[in-house]
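Presented below is the structure to which this report refers.
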Amino acid sequence: AGSATRQACTLCLGRHPHDIYKCAAAILWDGSPAHCRRNSKNRLQDDSGQELCSNWQTSHGCDDKTHDSKHSCSGCGRKDHGAQGCSRAQK
């Protein structure tokens, strides 16, 4: 399977073989600084400490409107897409 068939890791945005559920990279796949980090509960959070919605980072997104503040891309911080739609993700 080629890298294009793998989901982008929600932390490093890489599609290379690694455990995306345990990734703790401080940099993205291309060497640039990561936008998020994992907290003590292994959840993604941005620099302000806001936990991000994990469903939002999938290709399906999240329809739950009760936590819109958690709907930002783990790769770049934009609100209009999640990690799978991020232009910074490995192609």
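Out of the residues in segment 33-58 that are in contact with a Gly (Cβ under 8 Å, 6 or more places away or on another chain) and not in a loop (DSSP other than H, G, I, E, B), state the one that is surrounded by the fewest Cβ atoms within 10 Å (Cβ to Cβ).
55
Keeping to segment 1-34, report how many residues are touching an Asp or Glu at 6+ places or on another chain (Cβ under 9 Å) and modelled with pLDDT under 95.
0
Restricting attention to segment 2-22, which residues are free of Cβ contacts under 8 Å to residues at least 40 places away in the same chain and more than 23 Å from residue 79 (Cβ to Cβ)?
Hits for segment 2-22 are 2, 5, 6, 17, 18, 19, 21, 22.
Filter segment 1-17 down to residues that are surrounded by 15 or more Cβ atoms within 10 Å (Cβ to Cβ) and not basic (Lys, Arg), then give me how many there are.
7
Taking segment 59-91 as the region of interest, how many residues are assigned to a loop (DSSP other than H, G, I, E, B) and touching a Cys at 6+ places or on another chain (Cβ under 7 Å)?
10
Take residue 60 and tell me if it is within 11 Å of the chain's Cα centre (by Cα) and closer than 22 Å to residue 18 by Cα.
No.
The values are calculated or read from the model by the stated rules, or taken from the named source; none is laboratory data. Being a predicted model, the structure only gives us computed values, none of them experimental. Don't worry about glycine lacking a Cβ; one is built from the backbone with ideal geometry, like all the others, and counts go over all protein chains shown.
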